[in-house]
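See structure below.
What follows draws every value from the coordinates through simple rules; no lab data is involved. Since we're looking at a predicted model, the values are computed, not measured. Reconstructed Cβ throughout: ideal geometry from the backbone, glycine too, with neighbour counts over all protein chains shown.
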Amino acid sequence: MNLTLDGRLIAALVLCFMAVGCDTAATDFKKCQKLESSDPEAALKACEAAIKKDATTDSGKAATAKVPEIKKAIAELEKQRAEEAAKKAAEEKAARIAAAKAEREKWKALPKKLGPMIRKQGMWDLGRGTVTRAIDVITKEIGEPTKTYEAAYGSIHVHVWGADFGSEPSMEEIKKKAPFSVHLLRDMVCGDYTGGSIEFYSYGERIWS
């Protein structure tokens, strides 16, 4: 029985060497070939695994020859990825700049709209004996401010949109950094409105009166 088994084992080994030379690198090399076009990084690992198993077999030699080709393909792929990443970054930067510009233009356009509205309300109040605060006209049109500062500026109230500086900042800091700020007398009414009675600022630029 044992001799028969040994004989079969020897015969199997002989057949193996005759048929494929017992190419232990074959499986990994086939995997390398299969992945070469779709996933060159994985293909490279498979080829390197084939070489490690046996670089002297036909598959090992073929894997050795293919490694430089795959590395070249990976280099091209990495270059393409870098170019795409750079393009995407440039597009995102341009979009941010455009959005910031549009935001600034939006704020800069508001005073030309708000001024006449306050004046119109003042005339309305004068004719009907009513009283409307100027800030109420403004907030009705553009919403409540992000923050209102009043303690440090005496009779002047500073209303800020788009920024919160925390504790009382300096007037200059607000004028310079706030997307939009309105500076006016405490509880000023529309009937008191004149061209210079309210100041509007956006990022350091005085945009009204």
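Residues that are under 12 Å from L184 (Cβ atoms), surrounded by fewer than 16 Cβ atoms within 10 Å (Cβ to Cβ) and not hydroxyl-bearing (S, T, Y) within the stretch 120-168 comprise D136, E150, I156, listed in sequence order. Taking the criterion of being without any contact (Cβ under 8 Å) to a residue 12 or more places away in the chain and of a type in the set (D, E, K, R), the residues of the stretch 70-94 that qualify are K72, E76, E78, K79, R81, E83, E84, K87, K88, E91, E92, K93. Residues that are closer than 16 Å to I70 by Cα, surrounded by fewer than 22 Cβ atoms within 10 Å (Cβ to Cβ) and of a type in the set (A, V, I, L, M) within the stretch 47-59 comprise just one, A49.
Pairs meeting the criteria (first residue in the stretch 185-209 and in contact (Cβ under 8 Å) with a residue 24 or more places away in the chain and more than 16 Å from I156 (Cα to Cα), second residue small (G, A, S) and in a strand (DSSP E or B), beta carbons under 9 Å, at least 6 apart or on different chains) are S202/S181.
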